1. When the Karplus curve 6.51 cos²θ - 1.76 cosθ + 1.60 is applied with θ = phi - 60°, which whole-Hz ³J(HN,Hα) does each residue of the stretch 198-205 get, with x for Gly and Pro?
2. Given the Cα atoms of the stretch 186-265, and with Rh set as the inverse mean 1/r over their pairs in the Kirkwood sense, what is Rg to Rh to two decimals?
3. Taking R0 as 51 Å, what FRET efficiency do you get between Arg274 and Ser179 from their Cβ-Cβ distance, rounded to the nearest 0.05?
4. Can you pull the one-decimal nm distance between simple spin-label points at Met1 and Glu135, each 7 Å off the Cα toward Cβ?
5. In whole Å, how far is the Cα centre of the stretch 203-219 from that of the stretch 51-111?
6. Lys15 to Thr259: FRET efficiency via 1/(1 + (r/R0)^6), r the Cβ-Cβ distance, R0 51 Å, to the nearest 0.05?
7. If a/c stays under 1.5 just call it rounded; otherwise compare a/b with b/c (prolate if a/b is bigger, oblate if not). Do that for the stretch 198-238, with a ≥ b ≥ c from the square roots of the Cα gyration tensor eigenvalues.
8. If I model a spin label at Glu286 and Arg82 as a point 7 Å from the Cα along the Cα→Cβ vector, what separation in nanometres do I get?
Amino acid sequence: MIDKLEYLIMLAGEKHFGRAAERLGITQPTLSAGLRQLEERLEVTLVNRGSRFQGITEEGERVLVWARRITDDLRTMREEIRTVRSGLSGHLRIGAVPTALPVVARLTTPFLARHADVSFEVMSHTSTEIVQGVENFVIDVALTYLDDERLRRLDTRPLYAERYCLVTTRGSRLADKASVTWEEAAAIPLCLLSGDMQNRQILNRHLGAEGRAFRAVMESNSMIALLAQVRAADLATIMPCPFADTLGLAEPMVAIPITDGDVSYRIGLVTARRDPRPPILTAFWEESALPDAA
């Protein structure tokens, strides 16, 4: 039955019978037959069918919640058995808001030095996607903003405070200043993360304080894309200081602290509230630290 639950999970993710079957390494008729067997076993219709995939039924969505939990518990059991037999090993799925991505390497590098048989998958997500992914057991642990009411039902652990700097190129406006204000930053054309990102919503509050107008000449869900545009066109962006420090911005890029007001937001680890946790997740949760974090 476990394999049939995995069929449902994959179909819900791919939303296409052919792609789901290909990802599972089976034929489409095998996928369809397996799902029908699961429906017969549970005595409910799980999938709306037609000439193509038409969605998961209401009952199917409830089964999907349990399927993710059951398959993740099975993975946890296997990891525990493997850990007892041969030490910590396995695969950890990490999600991170774009501004926290460079920090991930500062956590995974020392962890890999201690546990050589571990591998990671690191993906960029919005804060909303992180909450959904952690709750649905498709993300094991994430780095995100902790000032979020949706995290009350998850386990959280603070790591560092996110403060901000203006990044621009030498010779451009404001480049020679030792620090800048939010008002000064709002007065120049900016490259900013897209509106669905929590970082952008934070910046909107401070750039647009007291009714100030500001202009984003480029938006992207990638900080790297923003930096490339800043470098190519002598523009500017605003990013967390840890992001700029970790990247080690090279000439002609310069990072200038934004100093008016104590503007900072907590970034930390987030995971599902469950007991027991998978051994690899337990170790990562307990061992991850940023000693120099402000």
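The values are calculated or read from the model by the stated rules, or taken from the named source; none is laboratory data. No experiment lies behind these values; they were computed from the predicted model shown. No Cβ is skipped: glycine too gets one built from the backbone with ideal geometry, and neighbour counts run over all protein chains shown. Ligands, DNA and RNA are excluded from the accessible area calculation, which covers all protein heavy atoms including side chains. Shrake-Rupley method; radii C 1.70, N 1.55, O 1.52, S 1.80 Å.
1. Listing the rounded values in order: 5, 4, 5, 5, 5, 5, 4, 5 Hz.
2. Ratio of gyration radius to Kirkwood radius: 0.93.
3. 0.70
4. In this crude spin-label approximation the distance works out to 2.5 nm.
5. Taking the Cα centre of the stretch 51-111 as reference, the centre of the stretch 203-219 is 37 Å away.
6. 0.60
7. oblate
8. 1.9
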